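Heads up, the thing below is written out as structure tokens.
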Amino acid sequence: MKIYRTFLTAAAFSAVSTLAIAQTTSPATAPGSSMGTPTHADAGTSPSGLRVADKATVALKFVTVKSADFMTSKIIGTNVYNNQNETVGEIEDLVIENGKTITGVVVSVGGFLGMGESYVVLDPATVVLNQKDDTWKAFVDTSKDSLKNAPKFKYSKK
């Protein structure tokens, strides 16, 4: 189930993420290259995005992952830092609206060793990713106190 969830999240994330990316390669811009974004040839002929149903009704298509794309398996669990390079949280999950659009980044804040932590959902446009030496970091322009006092999200990892 975890592999299935990671695959679906990765496919959706690479297709529609609005996270800003600061890395040595060019940003992920792959319109028409993944689930959720129809190419010119199939625009309007089949539903786009992930769907919830009892069975699949759309013909299977394969996707080519481009070198500038990245996988959520590298992002989930990534530490989040503020501009003072203080650790302020960790990316736990992504919110996907209507199976197509990443609308939130779930971040755990506060706590120690999993006790007392809470969750907040950040707008993806306010999160910057950086990869250096095969290590991903996420950055936000905020303070620890601001995140601790932010509106809480009730989140279950089940």
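Select from the range 56-70 the residues that are of a type in the set (D, E, K, R) and modelled with pLDDT of 85 or more and list them in ascending order. Let's see the steps before the verdict.
As a first pass, look at the range 56-70 and keep what is of a type in the set (D, E, K, R): 61, 66, 69.
Passing the criteria: Lys61, Lys66.
Yes or no, residue by residue, for (1) exposed (fewer than 15 other Cβ atoms within 10 Å of the Cβ); (2) small (Gly, Ala, Ser); (3) within 13 Å of Ile75 (Cβ to Cβ):
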site	(1), (2), (3)
Thr87	yes, no, no
Asp93	no, no, yes
Lys100	no, no, no
Ser108	no, yes, no
Val120	no, no, no
Asp123	yes, no, no
Asn130	no, no, yes
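Ser73 meets all of the listed conditions (1) in a loop (DSSP other than H, G, I, E, B); (2) at pLDDT below 90 but one, namely (1).
Pairs meeting the criteria (first residue in the range 127-154 and more than 19 Å from Met71 (Cβ to Cβ), second residue part of a helix (DSSP H, G or I) and of a type outside the set (Phe, Trp, Tyr), beta carbons under 9 Å, at least 6 apart or on different chains) are Val140/Thr126; Val140/Leu147; Asp141/Thr126; Thr142/Thr126.
Applying the selection to the range 62-79, what residues are free of Cβ contacts under 8 Å to residues at least 40 places away in the same chain and either of a type in the set (Ser, Thr, Tyr) or exposed (fewer than 10 other Cβ atoms within 10 Å of the Cβ) (or both)?
Our first condition is that a residue be free of Cβ contacts under 8 Å to residues at least 40 places away in the same chain; within the range 62-79, this holds for 62, 64, 66, 77.
Passing the criteria: Phe62, Thr64.
Tally the residues that are closer than 19 Å to Asn85 by Cα and at pLDDT 95 or above, restricting the search to the range 108-123.
First, pick out the residues of the range 108-123 that are closer than 19 Å to Asn85 by Cα: 108-112, 122.
Then keep just the ones that are at pLDDT 95 or above; that gives 122.
Residues in the range 108-123 being closer than 19 Å to Asn85 by Cα and at pLDDT 95 or above: 1 in total.
What's the total number of residues in the range 117-158 that are in a strand (DSSP E or B) and not aromatic (Phe, Trp, Tyr)? Don't jump to the end; show me each part of the working.
Kept after step one, since they are in a strand (DSSP E or B), are these residues of the range 117-158: 118-122, 128-132, 135-139.
From what's left, not aromatic (Phe, Trp, Tyr): 118, 120-122, 128-132, 135, 137-138.
Adding up the residues that qualify gives 12.
For the range 81-116, which residues satisfy the criterion of being in contact (Cβ under 8 Å) with a residue 60 or more places away in the chain and in a loop (DSSP other than H, G, I, E, B)?
To start, the set of residues in the range 81-116 that are in contact (Cβ under 8 Å) with a residue 60 or more places away in the chain comprises 82, 92-94, 96, 99-102, 105.
Scanning the range 81-116 gives Asn82, Gly99, Lys100.
The values are calculated or read from the model by the stated rules, or taken from the named source; none is laboratory data. Since we're looking at a predicted model, the values are computed, not measured. So basically every Cβ, Gly included, is an ideal-geometry build from the backbone, and we count neighbours across all protein chains shown.
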